[in-house]
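Visitor: What follows is a structure written as structure tokens; I'll ask about it next.
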Amino acid sequence: METGEPLSAVRDRVLSANAYIGSEPIVEALGKGANVVITGRSTDTALTMAPIRHEFGWGATSWDQLAAGIVAGHIIECGAQCSGGNCLYDWRSIPDLANVGYPLVEAKPDGTFVVTKHPNTGGRVSVQTITEQLVYEMGDPHSYITPDVIADFTTIKLAPDGENRVLVSGIKGKPPTDKLKVSVAYRAGFKAVGTLVYAWPDALEKAQLADRVLRERLDRLGLRFERILSEFVGASATHGHLAGDQSNAPEVQLRFGVRGSDRAAVERFTREIAPLVLNGPPSVTGFAGGRPKVEEIVAYWPALIDKSVVRTKVDLIQ
Amino acid sequence: MKVRLVDIAHARSGDKGDTANVGVIALEPRWYSVLDEFVTRSRVADHFRGMIDGDVDRFELPNLNALNFLLHGALDGGGTLSLKTDAQGKVFSTALLRMVIDVPDAEATRLQLPAAK
């Protein structure tokens, strides 16, 4: 979907393919009186929008209301990540995360809604916690594309509405495309990640030497991989060079990963970690977990399909 | 005056395939204009040089006092293919907050911006 590469590149390795469907079949099921709906691969946002649409009888072209339902869905689709979980804003002051409250949407027929949470729970619902979730996994905010509607996130208005309550309004939507997204899963080889921890003094330098030794060993063994990645956890694994000088770090973890189509080569790599404890740079520990595990990779191939070729069917079980 | 983003903004990031997104949000609504003016696409591309393989896109959300950046080629292939610790781009958010911008003194004073420590 993003690269334009044809599916034939992986066709013989495909394990499954699921079209993301929208709110229609869920609304249909609710209309037939279902109390519980078991769907195929629905979009996360349709799970929230569909019952609201059913309740208020919104039509398939009520673009602004449908978009509002989608935004409500986006806000609560990661559970407590909108009600205090993983919230950077004023994180120290967020109360009782051990009993964090999951979010609730109080929807109104005009498409406005309030996000809140149960009383006597931890966490927080505020303009800031909601804003952080709104920008999570966001692409082009003008076009949040779903099977039902395209929501414009630049029209969302947030306002405090009392303690742990945020009023959401102003949302505009427009007609969707004639495609559905398809999630294709395919076999993509094997990987393994090994780690060792080096202690002060010169922890980073020792880990860097271990990295060079390990690469030379793999080279001498004639092992070839599609990808080798070494990271220095505690120094630069997440923030790279932006973290600045870490030569005085108390400890640094060498995290060494390989990926390739040859399972035997990946397997052989996993036997090269433990010997480094006795044969490599000093002050090393953290190998008690044993040999790294070889994992088969099932990778994701997003694609588009014409809506017209995907038919949904609702069965009611009495 | 030098201003560090972590003192004037909060952020959250996520992934879509091999792309990480970073939403950066002004701590005070009046500081959004500073983000808009100084945290440009090219400035962010420079900030992450060497950490990402692709381009940077920028989108404005003045309604949320936020900017959204897409960092392409940031996740070593992304998803299950990636060998990175941060394969889902969860903490590119705070990496962006390390950025130091240079705001003219008059503007910084008028907006009561905190100076970088």
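Visitor: In region B:3-14, how many are at the interface with another protein chain (Cβ under 8 Å from one of its Cβ atoms) and assigned to a helix (DSSP H, G or I)?
Guide: So the answer is 0.
Visitor: Go through the residues of region B:36-47 one by one and say whether even a single one is assigned to a strand (DSSP E or B), at pLDDT 95 or above and facing chain A (nearest Cβ under 9 Å).
Guide: No, region B:36-47 contains no residue that is assigned to a strand (DSSP E or B), at pLDDT 95 or above and facing chain A (nearest Cβ under 9 Å).
Visitor: For A:GLY111, work out the one condition from (1) part of a helix (DSSP H, G or I); (2) modelled with pLDDT of 95 or more; (3) over 19 Å from the mean Cα position of the chain (by Cα) it doesn't fulfil.
Guide: It fails just one condition, (1).
Visitor: Based on what the data block shows, is B:THR109 within 8 Å of another protein chain (Cβ to nearest Cβ) and either on the phi > 0 side of the Ramachandran plot or not charged (D, E, K, R) (or both)?
Guide: No: the conditions fail for B:THR109.
Visitor: Here is a check on your reading of the model: is A:THR154 crowded, with 23+ Cβ neighbours inside 10 Å, within 13 Å of another protein chain (Cβ to nearest Cβ), touching a strand residue (DSSP E or B) at 6+ places or on another chain (Cβ under 9 Å) and not aliphatic (A, V, I, L, M)?
Guide: no
Visitor: For region A:131-195, which strands (runs of 3 or more DSSP E) that fit wholly inside it have 1 or more residues that are of a type in the set (A, V, I, L, M), out of contact with any His (no Cβ under 9 Å at 6 or more places or on another chain) and over 24 Å from B:HIS72 (Cβ atoms)?
Guide: A:157-160, A:166-169
Visitor: Would you pick out the residues in region A:116-136 that are crowded, with 18+ Cβ neighbours inside 10 Å and away from chain B (no Cβ under 14 Å)?
Guide: A:THR116, A:LYS117, A:GLY123, A:VAL125
Every residue, every condition in (1) part of a strand (DSSP E or B); (2) within 14 Å of another protein chain (Cβ to nearest Cβ); (3) basic (Lys, Arg), yes or no:
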| residue | (1), (2), (3) |
| --- | --- |
| A:LEU276 | no, no, no |
| A:ARG291 | no, no, yes |
| A:ALA299 | yes, yes, no |
| A:PRO302 | yes, yes, no |
| A:ARG311 | no, no, yes |
| A:ASP315 | no, no, no |
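Visitor: Could you check, for region A:307-318, whether at least one of its residues is on the phi > 0 side of the Ramachandran plot and modelled with pLDDT under 95?
Guide: no
Visitor: Go through (1) more than 8 Å from chain A (Cβ to nearest Cβ); (2) touching a Lys or Arg at 6+ places or on another chain (Cβ under 6 Å); (3) part of a loop (DSSP other than H, G, I, E, B) for B:ARG58 and report which single condition fails.
Guide: Exception for B:ARG58: condition (3).
Visitor: Looking at region A:303-318, I want the residues that are touching a residue at least 40 places away in the same chain (Cβ under 8 Å) and have a partner that is acidic (Asp, Glu) with Cβ atoms under 7 Å, at least 6 apart or on another chain. Which pairs are those?
Guide: A:ASP306/A:ASP178; A:LYS307/A:ASP178; A:THR312/A:GLU24; A:VAL314/A:GLU28
Visitor: Let me ask something else about it. Could you check, for region B:15-26, whether at least one of its residues is within 20 Å of B:ASP102 (Cβ to Cβ) and either at pLDDT 95 or above or not in a strand (DSSP E or B) (or both)?
Guide: Within region B:15-26, one or more residues are within 20 Å of B:ASP102 (Cβ to Cβ) and either at pLDDT 95 or above or not in a strand (DSSP E or B) (or both).
Visitor: Surrounded by 14 or more Cβ atoms within 10 Å (Cβ to Cβ), modelled with pLDDT of 95 or more and either within 30 Å of B:ALA45 (Cβ to Cβ) or among the aromatic types (Phe, Trp, Tyr) (or both): is that true of A:ALA249 in this structure?
Guide: Taking the combined requirement at face value, the residue satisfies it.
Visitor: I've got another one for you. In region A:190-200, which residues are surrounded by fewer than 19 Cβ atoms within 10 Å (Cβ to Cβ) and not aliphatic (A, V, I, L, M)?
Guide: Once the filter is applied, which keeps residues that are surrounded by fewer than 19 Cβ atoms within 10 Å (Cβ to Cβ) and not aliphatic (A, V, I, L, M), region A:190-200 yields A:THR195, A:TRP200.
Visitor: Sticking with this structure for a sec: (1) free of Cβ contacts under 8 Å to residues at least 60 places away in the same chain; (2) polar (S, T, N, Q); (3) surrounded by 15 or more Cβ atoms within 10 Å (Cβ to Cβ): which one isn't true of A:THR146, the others all being true?
Guide: (1)
The values are calculated or read from the model by the stated rules, or taken from the named source; none is laboratory data. What you see is a predicted model; the values in this text were computed from it and never measured. Neighbour counts run over all protein chains shown; Cβ positions are idealised from the backbone, glycine included.
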